[in-house]
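The values are calculated or read from the model by the stated rules, or taken from the named source; none is laboratory data. Just so we're clear, the structure is a prediction, and the values are computed from it rather than from any experiment. Glycine also receives a Cβ, built like all others from the backbone with ideal geometry; neighbour counts cover every protein chain displayed. The protein model used for the area step is the full one, side chains on, heavy atoms only, and it has no ligands, DNA or RNA in it. Shrake-Rupley method; radii C 1.70, N 1.55, O 1.52, S 1.80 Å.
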Amino acid sequence: MANPSPGNSITLRVTAPSSFTVTSELASAVAAAGASVTALDVTESHHERIVVDITANTTDDAHADRVKAALDALEGVTVQHVSDRTFLMHLGGKLEVVPKVALRNRDDLSRAYTPGVARVCMAIYEDPEAARNLTVKRNTIAVLTDGSAVLGLGNIGPAAALPVMEGKAALFKQFANVDAWPVCLDTQDTEEIIMIAKAMAPVYGGINLEDIAAPRCFEIEKRLRDELDIPVFHDDQHGTAIVTLAALANALKVVEKKIQDVKIVVAGVGAAGNAIIQLLIAQGATNIVACGRSGSVHRNETHTDEHRAWLAENTNPDNFDGTLHEAMTGADVFIGVSGPNVLGEEQIAAMADKAIVFAMANPTPEVDPVIAARHAAVVATGRSDFPNQINNVLAFPGFFRGLLDAGVSDITPNMLVAAAEAIANRVSDDELNASYIIPSVFDPHVAGDVASAVAAAAASNTTERTQS
């Protein structure tokens, strides 16, 4: 599956003979090469020639080269330059630091910095809790990675992970007004990561762990949650689980099934798969078959990994021993957080009537969604160019907004469920259908609803502890 995408958008500056039909001829050549024209601007016009900027979505670099070649092949046409719009967006990075206070004169400087700032320092020294109100800590989180599991790219290291972490920080600010900063560590040693995170914690109100490979991510999150007094949230696990539960709740409404009655096959037993399964079980799922590269996780094997051992004991009630393809027979729901093209049309056709398929591997899903839609009633992916995008941005900005507003450090299953319900409820019964089970990432109310739900769940947890 390869569709033109804004992630591979290019702008070609073209010189062409001047005529009344030249712009339509240029656009037709680009379209014939398989690209999607999104803009066409005449930047210069002369008596014999014009200069045109053509912007188009392509599938990859090779496709962009073919588009250029198609234009160059036209008589009298020359492609002067090709710009990659994604790389242009990243020039110089995507973040900056902007002061919240004006420094216009000596009076301002004396209060923002020396000598006045010393009074604030001493106030925090005498009462460390005051740092939350008197510094950036109350609204700032660290987006922390070791670069070991970046997107679907694998272990590409901290420098190559930085563009993703910058993007994550930008999303925090855009959708929930949370100040976030990328922290890319040049170590993949579990103890070193924990030590560094603890050492830098005084600056931050929370830590969002990102793109750290399993099983190391489990230990890092657990230790940091135990040893820090700020919230620690691994988005690859819990953000994915929240949005998946929200989408599944609405999809089950569409097909008129209940979570406790359906057979769910999950492909991928890493960080996301584990968290999704745990949250689904917490919501009443009783028949989940988890599949890794070698097939189903079952109780006939000895599992040295404690997380797989947990899955073996808490899923697969029939102790099915077989491949992912075999597990799909009769399944009501497929949830994929694994890799590209692991399923074909035959496996989707073998599912139960009114099946649900969430093929969430990025950028290439586990099964072509167009093919899946021939047999499944509801299809969702992680991509923005198909209906029903299951995207973590629906969860993590509002989730951290709620944590920061509530001033809590503990993250509980009740909060995860509350966030999922808030997202699901953004789709009204009148709107709900097979192609619309999850709200748009640009729905302006999602982050606020999630934040309020998380803060309310936190308050409920506090009340329960106080009463007990």
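Numerical summary
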item: Which numbered condition L134 fails, given (1) out of contact with any Phe, Trp or Tyr (no Cβ under 6 Å at 6 or more places or on another chain); (2) within 30 Å of R119 (Cα to Cα); (3) hydrophobic (A, V, I, L, M, F, W, C); (4) crowded, with 18+ Cβ neighbours inside 10 Å; result: (4)
item: Flag if K94 is outside any strand (DSSP E or B), touching a residue at least 40 places away in the same chain (Cβ under 8 Å) and touching a Pro at 6+ places or on another chain (Cβ under 8 Å); result: yes
item: Whichever residue in region 431-444 is surrounded by fewer than 22 Cβ atoms within 10 Å (Cβ to Cβ) and either among the aliphatic types (A, V, I, L, M) or touching a strand residue (DSSP E or B) at 6+ places or on another chain (Cβ under 6 Å) (or both) and, among such residues, is nearest to G239 (Cα to Cα); result: V441
item: Matching residues, region 229-265, being surrounded by fewer than 24 Cβ atoms within 10 Å (Cβ to Cβ), more than 19 Å from I288 (Cα to Cα) and in contact with a Ser or Thr (Cβ under 7 Å, 6 or more places away or on another chain); result: D229, I230
item: Which listed residue is open to solvent by 50 Å² or more (accessible area, probe 1.4 Å), touching an Asp or Glu at 6+ places or on another chain (Cβ under 9 Å), farther than 13 Å from G76 by Cβ and in a strand (DSSP E or B), from T43, T38, T11; result: T43
item: From the options A447, A419, A376, residue that is surrounded by 19 or more Cβ atoms within 10 Å (Cβ to Cβ), out of contact with any Ser or Thr (no Cβ under 9 Å at 6 or more places or on another chain) and not in a helix (DSSP H, G or I); result: A376
item: When residues of region 149-203 are limited to those that are in a loop (DSSP other than H, G, I, E, B) and in contact with a Gly (Cβ under 9 Å, 6 or more places away or on another chain), the one modelled with the lowest pLDDT; result: G152
item: Exclusive hit being touching a strand residue (DSSP E or B) at 6+ places or on another chain (Cβ under 7 Å) and in a loop (DSSP other than H, G, I, E, B), set I259, I212; result: I212
